[in-house]
Amino acid sequence: ETTTVNVALTRGEPAALTPPERRPPGPPAPVQSSGGIVRSMEDGPVIAPDFRVTEINHHTAQLVGAYGGYVFGGQFLAGAGGYWQADSTNGTHLTYFGPVFEWRMFHQRTVGLNLHGLVGGGWRFADFYPVYPPPLGYPVPYGWYNQGFFLAEPEAQVVVRFASSLRLQRGGGYRVTSADGLNVGSGSISVQVGR
């Protein structure tokens, strides 16, 4: 059965639209990998070429090297590094390497501070071993020389961040070794690329 109904429709008032509630941004959400391990967006690899100035055999020496590793939470770096003497100090050359650890303070600011350190071992080798103080002003040859040593090199670094993955660091520290004549201060400049 069909029934006809007469209906009159009137235009009503539009509902007032309220803006969505704004919340302050929180920390980045963790990302879960396919292996089930939860990682922060600030985790990731980093590598840094490094140049150091120090003293070896009572002469200024330059060391070139690099370190790298993995950063956890944008603050803690664990990795490894190595350095080689770029010049010769009275025929002596130095090289060392080992694990590297770094704690980043103020890691989200443009200028920050890092506590950085390498603990490992190395070798000092030379065609002759100069004796100090040298008699008559000249080193005394002592044959071929090779010495291994343990080493710890802590330093503090001032960091300038140009981008989230590019930082310039200028540091100063002290090298402590089990060898004679190598316990001395050092300065460094490095560029970190990555997290």
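Residue-wise HN-Hα couplings along the stretch 53-67, as the Karplus relation 6.51 cos²θ - 1.76 cosθ + 1.60 with θ = phi - 60° gives them from phi, are 10, 8, 10, 9, 6, 6, 10, 5, 10, 10, 10, 10, x, 6, 9 Hz; Gly and Pro carry x.
Residue-wise HN-Hα couplings along the stretch 167-172, as the Karplus relation 6.51 cos²θ - 1.76 cosθ + 1.60 with θ = phi - 60° gives them from phi, are 9, 9, 10, 10, x, x Hz; Gly and Pro carry x. The smallest convex shape that holds all Cα atoms of the stretch 45-118, its convex hull, gives 89 Å³ per residue. Taking amide hydrogens as placed 1.01 Å from N in the peptide plane, the amide H of Ala61 sits under 5 Å from those of Thr54, Glu55, Ile56, each at least 5 positions away in sequence or on another chain. The gain in end-to-end length when the Thr110 to Ala152 segment is fully stretched comes to 12.2 nm, 0.36 nm per residue minus the alpha carbon separation. Modelled spin labels at Ala86 and Asn183, positioned 7 Å past Cα toward Cβ, are 2.9 nm from each other. With a Förster radius of 35 Å applied to the C-beta separation of Gln62 and Glu42, the computed FRET efficiency comes to 0.55.
Modelled spin-label separation between Phe51 and Tyr174, with each label point placed 7 Å from Cα along the Cα-to-Cβ direction: 2.7 nm.
Using the Cβ-Cβ distance between Ser165 and Val119 with R0 = 30 Å, the FRET efficiency computed as 1/(1 + (r/R0)^6) comes to roughly 0.65.
Database remark: amide H of Asp43 closer than 5 angstrom to the amide H of Gly73, Gly74 (H placed geometrically; neighbours at sequence offset of 5 or more, or on other chains; Pro and chain starts carry no H).
Where a number appears in this text, it was derived from the coordinates with a stated rule and is not lab data. All of these numbers come straight from a predicted model, not from anything done at the bench. Virtual Cβ from ideal backbone geometry, glycine too; neighbours counted across all protein chains shown.
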